[in-house]
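Structure record follows, encoded as structure tokens.
The values are calculated or read from the model by the stated rules, or taken from the named source; none is laboratory data. This one's a predicted model, so the numbers in the text were calculated from it and none came from an experiment. Cβ: placed from backbone, ideal geometry, glycine included. Neighbour counts: every protein chain shown. Ligands, DNA and RNA are stripped out before the accessible areas are found, and what is left, the full protein with its side chains, is counted by its heavy atoms. Shrake-Rupley method; radii C 1.70, N 1.55, O 1.52, S 1.80 Å.
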Amino acid sequence: MIQARDIHKHFGALEVLRGIDLSVRPHAITSIVGPSGAGKTTLLQILGTLSRPDAGSVSYDTTDVFAMPDKALSRFRNRNIGFVFQAHRLLPEFTLQENVAMPALIGGTPRHEAFAAADRLLDLLGLAGRASHRPAQLSGGECQRGAVARALINNPGIILADEPSGSLDSANRRDLHSLFFNLRDTLGATFVIVTHDENLAADSDIIVTMADGKIKHTISNT
């Protein structure tokens, strides 16, 4: 699904990524682990087209994404990539239903279709009774499940998650991890997750360990 080849990234004189080669398998959960400063989040941002590498290429199937101009790349990102962050980043002035529908509305989906799709996802994720609530009226776990629903709204080819359970308590963390695996099994979803959670990493289909801007080794559990 995704092929990253010889990815380099500098911030000033600091070389954060030093020649990364990574293939992402579809319909699987890939966890990226390693110490702080290893380059995990920088790699995830490049895979998600939020940051351009200084050298190297990223291809989605046969599409070289960084060969696109910025506007075309933004459209591609909206349609093909879902994001879940450590903080849910739901917009406080909108209801949960509106937050979930937002990427579809931005992509040009008619309002009634976007809201119907949001309702289906909220029902799937056990949040149907919370659709009209604003983020301040929801628990941390509910907000993060809402963020997952938002990531799924455009039926993306891949979901990228950066420490998605880092701000949750242990019970909500387990629930969120179970949700990821259920989505893989029921929807065939593909996840790449940067995590420090050893339990999530151990259960993943593929574990990629990074250190010092490089991939040190990759383990497949399937």
Is one or more of the residues making up the range 166-181 polar (S, T, N, Q), in a loop (DSSP other than H, G, I, E, B) and crowded, with 19+ Cβ neighbours inside 10 Å?
no
Quick one: would you say Phe191 is surrounded by 13 or more Cβ atoms within 10 Å (Cβ to Cβ), over 22 Å from Asp61 (Cα atoms), hydrophobic (A, V, I, L, M, F, W, C) and within 17 Å of the chain's Cα centre (by Cα)?
no
Just one of Arg134, Arg130 is more than 23 Å from Ile32 (Cα to Cα), more than 20 Å from the chain's Cα centre (by Cα), touching a residue at least 12 places away in the same chain (Cβ under 8 Å) and crowded, with 19+ Cβ neighbours inside 10 Å; which is it?
Arg130
Residues being under 9 Å from Ser31 (Cβ atoms), touching a helix residue (DSSP H, G or I) at 6+ places or on another chain (Cβ under 9 Å) and without any contact (Cβ under 8 Å) to a residue 60 or more places away in the chain - total across the range 170-202:
1
What's the number of the condition Leu160 fails, among (1) under 25 Å from Thr30 (Cβ atoms); (2) crowded, with 21+ Cβ neighbours inside 10 Å; (3) of a type outside the set (Lys, Arg); (4) without any contact (Cβ under 8 Å) to a residue 60 or more places away in the chain?
(4)
Odd one out for Ser167 among (1) among the polar types (S, T, N, Q); (2) at positive phi; (3) in contact (Cβ under 8 Å) with a residue 24 or more places away in the chain
(2)
Take the residues of the range 82-126 that are modelled with pLDDT under 95 and in contact with a Ser or Thr (Cβ under 8 Å, 6 or more places away or on another chain): which is nearest to Ile159 (Cα to Cα)?
Gln86
For the range 114-130, enumerate the residues that are of a type outside the set (A, V, I, L, M, F, W, C) and over 15 Å from Gln144 (Cα atoms).
Asp119, Arg120, Gly129
Odd one out for Thr209, checked against (1) closer than 22 Å to Leu22 by Cα; (2) in a loop (DSSP other than H, G, I, E, B); (3) hydroxyl-bearing (Ser, Thr, Tyr):
(2)
In the range 124-143, what residues are under 17 Å from Arg184 (Cα atoms) and assigned to a helix (DSSP H, G or I)?
Leu124
Give me the pairs: first residue in the range 75-86 and in contact (Cβ under 8 Å) with a residue 40 or more places away in the chain, second residue part of a strand (DSSP E or B) and open to solvent by 30 Å² or more (accessible area, probe 1.4 Å), beta-carbon distance under 9 Å, and six or more apart or on different chains, which are they?
Asn80/Thr63; Phe83/Asp162; Val84/Asp162; Phe85/Asp162; Gln86/Asp162
